[in-house]
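Reading through the structure tokens given below for one structure.
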Ligand code: SF4
Ligand code: SF4
Ligand code: FES
Ligand code: FES
């Protein structure tokens, strides 16, 4: 198999190879490979990117084009939970900007930043498909609907910057 | 031809075009960004919008993209209606949201397609008051500057770099309004064609780094039609000058040769003209061994004296040059006499080039230009590393293999310009390309099969293919090669337009003969086979045409010199130390009393001369060069030579005039020499057709080298004198060193720059074309000197007694030296361009890792190359030829070692030499000599 093992674990390679068996050309498994490595490591480092590219027989630039295209592939380290605050049309009309301000005040992080305790990373998201419940956001895997300053308060009450959840 | 209606007018248009092409061909101004005549349409930028109406009753219409809409008989469009114009205006406005207001400091300014289109759509007032996106720029190497903020996301860069040129290290990153075009990390762009980004990008994202260092706007550049001297392909160029410096080189469109693109050696290598090594004054070696500067007249008199033959006492010989013009070589040959004239090839090279010429002259196959190469639907490359020896042809082959895709598209009735659709359709289905070479190449990724073989084995494979096509049996060949030969023969036979490419690049005559035999065999069975043979230098083929076969070789001249039979040797633009082992060149020069050298840059030969004359470079003189396809092409002075530099032809003509030589009594001008050469040398009789003579006038006017906005003519010399000097007069050509004249519809060989009202960028080219993407209105530049031989009788040149049986195995412990060319480094002159110099590595030797293990060396360590001394009996004595850095390359053919041609340290190695290798003790790994080009260049210097 790949000689580039150090950058990819055996489990990761096995999972990628399983995906590879389903696609006619290796590059077709690019997104899945990125997701697999991200699931193991939380994000895609340059080393991981190079190793995946080599494993799939793609150039690093081509793979990076794919990795950076998707909001949910992280090319920088993120916290344990990623807050995806929707800022698309409906949520914008329903006041997502003010909510972002609240989050920033509570957690001490702006867009694209991670709390010092590495618990949360705040990222924007264009439409979570729950416009009827706007404004919405996701925290980790949970969708939070019709969020308000109060519900944010409750959610992150004992988070504080660097504090315990 | 379909008739379409545009804004109420009827137009006949070419079937198969799209509306954008149709409009531009009709001379109508329709703005566009992402469409490119050589790359087709993807409909990405939405700039070329027009309104299409279903029928005459439809008065609403709908917006369609011109570049994605085929012309159809009776179709009705509006180009200038409010709806279409407003749409296009808002597209530019949206592109401008994030575009910085930095035209004054942008290297694209004044020749920017985005500026032109913005003005064209009438977007003037910026309403957006928000923050603009900003990006981090990347260091992309010494050639190209990156300024991402200016991007309008048209995707032309990645479409050229990846889809067209096969690059892999540039990509579109991220999405929507933060899309980023760059590498995944900083570093030198790896494609040999990266420089085309400068012209392909419609804005100032990718610009010419060298130009930026001493910046001049396009309108202030003085330029003239020129021809690249980087290799034998003969791409047409537009060098631009200001303040006596060559500022940059742009592509000069030639539909049959380079089309829209150049390679980076050609684009960035021409700056050697500005090198500090450039000679400005004649030098005469004094008693003390030093050179004393002379004025041109005294230098001339010294030369006249040295050439004066008194009762056969003074024996004069001349060495010409495959990098000098036909005219200069012709005059030198006239001066010294044909029997005393050596063409200036190395001894190894001379028979190969003579053979390349003979094979092409005799071949019934078509000798293709690049446009024709792109039509090939099955290709065999024998022994030539085209990316490094004839780069533009490698780029063409990437288009040839797409003919399969076009076939598939035709079945679905997709037009050829439907780029995205056709690429999706074909995926990696390609027309077959087979490569047999000494090691890997940059075309391997598109090859159906590639095999690494020693040169003699490449020839045997080739002969076998020829035999198979001729219906003969090849059972002598090893079974493994038989299968390969069979596959190649079948693919070539099944093709409509098979192409065989070879050349002098692997230093083996049989390889070229095999290529010619295949082409001939195909011609006997087929109607249209093509044969292309690469030769090394810009005028190699012209030189072989000038002398004909059997000219004096360097070895023969050396013998005469050693016998004391030469008193004066005139060397024309040729550094002999690149043509043979140092010891033999030293001996040749030492055995001649007067060594007169004419050259542009200082070099070892010039330093060994007794009289040195400064020869004007290609950018300061006129001349004709004959390219590898036998196309005679003319280049013109872009600017007047500095100081005492003169074109070589002027020096040589002046010497003969001063000596009152009868032969030149009727020769007064450059055109006279061209004509005399054409009538004297039958093979060159067509060179007068390369371009019109000096009497040509365009509607009664000369053709200007300066744009109508050329500025500062008084001011630019004001530090010396406030008086504006008279503009130089050009008596030798139809071009003028002036803004006056007419630059329109003249023959393609006389195109000095492209500009049209409203079209300041290079996109204005279409105004000079008969139809967009088509030939120039005034005709294609150059005259073809090689026409396919009639009849298919086997020529002598193609018929060696081809044996297919493997030759005796090589002596164990010896390696056959095979040349490895480098686009940056193997060529003599381009390495004197500072930007190219940064990309040149130290000399190296490539061996497989098995061989390295056996020799006990690793990558980066040193190897001594020893020549077995045949004189010694019994004991193994050797002479060291070179010591080079090891590079591991497992693709190299068994028993072979590749050496970097033209790079420091490889001077004494001769192709096909069998050498003994041994580990070098005390080897210190060379640091590549890199001159930092850029503060951010942390990754730039690291090549090893
Ligand atoms: S960098 Fe230039 S060519 Fe590439 S997308 Fe941007 S504007 Fe177009
Ligand atoms: S391919 Fe040859 S002729 Fe063309 S630009 Fe490159 S070096 Fe010059
Ligand atoms: S706009 Fe926020 S969920 Fe759709
Ligand atoms: S040129 Fe037609 S959409 Fe870009």
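Return one quarter of the surface area of the convex hull spanned by the alpha-carbon atoms of the stretch B:814-919, equal to its mean projected area, in nm². Let's see the in-between values first.
Working: hull surface 27.7 nm².
With every direction weighted equally, the projected area is 6.9 nm².
Along the three principal axes, how long is the stretch B:328-405 when you take its alpha carbons, biggest first, rounded to the nearest angstrom?
Principal-axis extents of the stretch B:328-405 (Cα, largest first): 56, 27, 22 Å.
When all C-alpha to C-alpha distances in the stretch B:367-528 are sorted into bins of 5 Å, what percent of pairs does each bin hold, rounded to whole numbers?
All Cα pairs, binned at 5 Å, distribute as 2, 9, 19, 22, 21, 14, 8, 4, 2, 0 percent.
Sorted from largest to smallest, which semi-axis lengths in Å does the alpha carbon gyration tensor of the stretch A:2-69 give for its equivalent ellipsoid, taking the root of 5 times each eigenvalue? Show your work: numbers first, answer last.
On the way: eigenvalues 42, 41, 26 Å².
After diagonalising the Cα gyration tensor, the semi-axes are 15, 14, 11 Å.
How do B:806-815, B:420-429, B:714-723, B:333-342 rank on mean C-beta neighbours within 10 Å, highest first? Kindly include the intermediate steps, with their values, before the conclusion.
Working: B:806-815: 12.1, B:420-429: 14.7, B:714-723: 10.0, B:333-342: 20.3.
Highest to lowest by the protection proxy: B:333-342, B:420-429, B:806-815, B:714-723.
Output the 0 to 90 degree angle, nearest 10, between the alpha-carbon long axis of helix B:349-362 and the longest principal axis computed from the alpha carbons of chain B.
Result, in degrees: 60.
Treating the Cα atoms of the protein assembly as shown as identical point scatterers in vacuum, please give the log10 of the normalised Debye intensity I(q)/I(0) at q = 0.05, 0.06, 0.08 Å⁻¹, two decimals.
Listed by q, the Debye log ratios stand at -0.37, -0.53, -0.94.
In peptide B:166-176, what is the residue-averaged number of other protein chain Cβ atoms found within 10 Å of each Cβ? The partial results should precede the final answer.
Working: counts 0, 2, 6, 4, 4, 10, 7, 8, 8, 6, 2.
Mean shielding by partner chains, rounded to a whole number: 5.
Can you tell me what share of the DSSP beta bridges in chain B is antiparallel? A percent to the nearest 5 is fine. Write out the running numbers ahead of the final one.
Working: 62 of 110 bridges.
Here the antiparallel bridges make up roughly 55 percent for chain B.
Taking the radius of gyration and the Kirkwood hydrodynamic radius from Cα positions alone, what is the Rg/Rh ratio for the stretch B:3-95, to two decimal places? Numbers along the way, then the final one.
Numbers: Rg = 12.3 Å, Rh = 13.1 Å.
Result for the stretch B:3-95 is an Rg/Rh of 0.94.
Roughly how large, in nm² to one decimal, is the mean projection of the convex hull of the alpha-carbon atoms in chain B? Let's see the in-between values first.
Working: hull surface 167.4 nm².
For the Cα atoms of chain B, the hull's average projected area reads 41.9 nm².
Give the percent of DSSP beta bridges with both residues in the protein assembly as shown that are antiparallel, rounded to the nearest 5. Walk me through the numbers on the way to the answer.
Details: 69 of 123 bridges.
Of the beta bridges lying entirely in the protein assembly as shown, close to 55 percent run antiparallel.
Mind sorting B:579, B:744 by how few other Cβ atoms lie within 10 Å of their own Cβ, fewest first?
Details: B:579 23, B:744 15.
Sorted ascending by nearby Cβ count, the order is B:744, B:579.
Return the Rg/Rh value of the stretch B:248-387, two decimal places, where both radii are evaluated on C-alpha atoms and Rh is the Kirkwood radius.
Numbers: Rg = 21.3 Å, Rh = 20.0 Å.
When Rh is taken as the Kirkwood radius, the ratio is 1.07.
When only C-alpha pairs under 8 Å and at least 6 residues apart count, what is the relative contact order of the stretch B:367-528, in percent?
29 percent
Binning every alpha carbon pair distance of chain A at 10 Å from zero, what are the percents per bin?
All Cα pairs, binned at 10 Å, distribute as 10, 34, 27, 21, 9, 0 percent.
Could you quote the convex hull projected area for the stretch B:229-329, Cα atoms only and averaged over all directions, in nm²? Present the calculation step by step, with values, prior to reporting the outcome.
Numbers: hull surface 38.9 nm².
So the mean shadow area of the Cα hull is 9.7 nm².
Kirkwood-based Rg over Rh for the stretch B:470-592 (C-alpha set), two decimals?
Numbers: Rg = 21.0 Å, Rh = 18.2 Å.
Rg/Rh: 1.15.
Working from Cα positions, state the angle (0 to 90°, nearest 10) between the long axis of helix A:30-41 and the longest principal axis of chain A.
It works out to around 70 degrees.
Under 8 Å for C-alpha pairs, at least 6 residues apart: give me the relative contact order for chain A, rounded to a whole percent. Don't skip to the end; give the middle numbers.
Values: 242 pairs, mean separation 30.0, N = 165.
Relative contact order for chain A comes out at 18 percent.
Quick one: divide the alpha-carbon radius of gyration of the stretch B:98-166 by 2.2 N^0.38 Å and tell me what you get. Numbers along the way, then the final one.
Values: Rg = 14.0 Å, N = 69, 2.2 N^0.38 = 11.0 Å.
For the stretch B:98-166, the normalised Cα radius of gyration is 1.27.
What is the helix-to-structure angle for B:479-494, meaning the angle in degrees between its Cα long axis and the longest Cα principal axis of chain B, kept from 0 to 90 and rounded to the nearest 10?
Taking the Cα atoms of chain B, the angle to B:479-494 is about 50 degrees.
Under the Kirkwood approximation applied to all pairs of distinct alpha-carbon atoms, what is the hydrodynamic radius of the stretch A:42-121 in Å? List each step's numbers first, then the result.
Values: mean 1/r = 0.0692 Å⁻¹.
It is 14.4 Å.
If a/c stays under 1.5 just call it rounded; otherwise compare a/b with b/c (prolate if a/b is bigger, oblate if not). Do that for the stretch B:33-76, with a ≥ b ≥ c from the square roots of the Cα gyration tensor eigenvalues.
Working: a/c = 4.41, a/b = 1.97, b/c = 2.24.
Here the stretch B:33-76 falls in the oblate category.
When the Debye formula is applied to the Cα atoms of the stretch B:459-541, each taken as the same point scatterer, what base-10 log of I(q)/I(0) results at q = 0.11, 0.12, 0.26 Å⁻¹?
Treating every Cα as an identical point scatterer, log10 I(q)/I(0) equals -0.29, -0.34, -1.25.
Give me the Debye-computed log₁₀ of I(q)/I(0) at q = 0.12, 0.14, 0.17 Å⁻¹ for the stretch B:551-683, equal point scatterers on Cα only, no solvent, two decimals.
-0.58, -0.79, -1.12
Could you work out the equivalent-ellipsoid semi-axes for the stretch B:683-748, taking the square root of 5 times each eigenvalue of the Cα gyration tensor, largest first, in whole Å? Present the calculation step by step, with values, prior to reporting the outcome.
Values: eigenvalues 180, 40, 17 Å².
Semi-axes, largest first: 30, 14, 9 Å.
Could you tell me what percent of the DSSP beta bridges with both partners in the stretch B:814-919 are antiparallel, to the nearest 5? The partial results should precede the final answer.
Details: 16 of 25 bridges.
So the antiparallel bridges in the stretch B:814-919 amount to around 65 percent.
For the stretch B:1-127, what's the relative contact order in percent, using C-alpha pairs closer than 8 Å and at least 6 residues apart?
Values: 189 pairs, mean separation 33.9, N = 127.
Value for the stretch B:1-127: 27 percent.
What is the ratio of the Cα radius of gyration of the stretch B:572-625 to 2.2 N^0.38 Å, where N is its residue count, to two decimals? Let's see the in-between values first.
Working: Rg = 12.1 Å, N = 54, 2.2 N^0.38 = 10.0 Å.
So the Cα radius of gyration is 1.21 times the expected 2.2 N^0.38 Å.
Over the Cα atoms, compute the radius of gyration (one decimal) and Dmax (the largest Cα-Cα distance, rounded to a whole number) for the stretch A:81-155, in Å.
Here Rg and the maximum Cα pair distance are 11.1, 34 Å.
Here, each number is a calculation from the coordinates, and none is a lab measurement. Remember, it's a predicted structure, so these values are computed and weren't measured experimentally. Every residue, glycine among them, receives a Cβ derived from its backbone with ideal geometry; neighbour counts consider all protein chains shown.
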